[in-house]
Amino acid sequence: MCPVAQNEQNKKIRCVVAHDIVWLRQGVRRLLDDEPDIAVVAEAEDPVQTLREVFTHQPDMVVVDHHIFEGTAVQTERLIVRASPHSKVLFLTNHDEESRGQDLTDTAYAVRRTSAEELLEMVRKTAAGELAANYELPVKDIDESPGDPLPRRRDLTAREREVLKLLAQGQTVRSAANILGLSTKTVDAHKFNLMRKLRVHNKAELVMCAIQRKVVKVPVNF
């Protein structure tokens with residue numbers, strides 16, 4: 001690539017798009033890629049893939065539906081920023097109310113009914129640091145610092161590790177049951193035991209535990 005072309009590429013807002021709905025994710029990607037100042041460097045459909053792509057590409061922007069992590073926006077942003085500290089996060093959410101209580105400096109919210117022009121404007125303004133949510137952060141989230149220690153390590157059975165890996169990779173209880181050849185009730189019971197043993201409450205925390213225990217593969221420096 002010639003120096004001029006490379007400089008032009010470097011000026012673009014580099015984005016990772018993460019959503020579990022294929023047509024929506026690809027639609028957002030096409031919309032962004034059509035803009036001369038924006039480039040989508042990767043897309044992802046589940047929590048682990050999202051963190052892997054963010055860590056690998058270190059994008060300027062991560063456009064994500066935080067529901068794929070099944071945690072709060074705060075928890076999702078912390079995982080993303082841990083993978084790429086300089087990245088800014090733009091959440092695709094269903095309702096304006098969902099952003100209440102999230103005072104995140106590098107975070108903005110795009111409601112799914114937002115027009116294409118408005119979404120592009122939000123991407124540019126968020127990347128430039130001009131747009132952020134401006135709500136009061138709940139006490140429970142203030143108390144949870146990124147450096148908080150993980151729950152005390154407890155041994156997991158081989159089956160629990162299998163279930164943990166599948167859930168962290170974005171599988172539902174039903175799909176995990178199909179993969180493992182188990183009933184949904186059995187997998188649901190394993191999930192309950194995992195949550196109890198690991199003292200976690202949602203998928204965002206579950207993903208972090210899976211990463212820390214090396215149950216799922218992410219870059220070694222994560």
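The values are calculated or read from the model by the stated rules, or taken from the named source; none is laboratory data. Predicted model only: the values in this text are computed from it and were never measured. All Cβ positions, glycine included, derive from the backbone under ideal geometry; neighbour counts span all protein chains shown. SASA here: full protein model, heavy atoms, side chains in, ligands and nucleic acids out. Shrake-Rupley method; radii C 1.70, N 1.55, O 1.52, S 1.80 Å.
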(message) Given the options VAL81, VAL48, VAL54, VAL40, name the one that is in contact (Cβ under 8 Å) with a residue 24 or more places away in the chain and not in a helix (DSSP H, G or I).
(response) VAL40
(message) If ALA133 satisfies all but one of (1) at pLDDT 85 or above; (2) of a type in the set (A, V, I, L, M); (3) open to solvent by 10 Å² or more (accessible area, probe 1.4 Å); (4) over 19 Å from LEU31 (Cβ atoms), what's the number of the condition it fails?
(response) (1)
(request) Among what's in the stretch 137-169 and is open to solvent by less than 70 Å² (accessible area, probe 1.4 Å) and either assigned to a helix (DSSP H, G or I) or touching a Phe, Trp or Tyr at 6+ places or on another chain (Cβ under 9 Å) (or both), pick the residue that is modelled with the lowest pLDDT. (result) ASP141
(request) Pairs only if they're at least six apart or on different chains, beta carbon under 7 angstrom, first in the stretch 62-75 and under 9 Å from ALA204 (Cβ atoms), second of a type in the set (Val, Ile, Thr); list them, first residue then second. (result) HIS66/THR76; PHE69/THR76; PHE69/VAL207
(request) Please go through the stretch 192-222 and pick out each residue that is of a type outside the set (Val, Ile, Thr) and surrounded by 19 or more Cβ atoms within 10 Å (Cβ to Cβ). (result) LEU194, LEU198, LYS203, ALA204, GLU205, LEU206, MET208, CYS209, ALA210
(request) Taking the residues in the stretch 180-207 that are part of a loop (DSSP other than H, G, I, E, B) and not small (Gly, Ala, Ser) as candidates, determine which candidate is farthest from ALA83 (Cα to Cα). (result) LEU182
(message) So if I check each of LEU104, LEU90, LEU119, which one is in a loop (DSSP other than H, G, I, E, B) and either surrounded by 22 or more Cβ atoms within 10 Å (Cβ to Cβ) or at pLDDT 65 or above (or both)?
(response) LEU104
(request) Among the residues of the stretch 64-88, count how many are closer than 19 Å to ARG124 by Cα and more than 9 Å from the chain's Cα centre (by Cα). (result) 6
(request) Collect the residues in the stretch 172-204 that are within 21 Å of HIS19 (Cβ to Cβ) and in contact (Cβ under 8 Å) with a residue 40 or more places away in the chain, keeping them in residue-number order. (result) ASN202, LYS203, ALA204
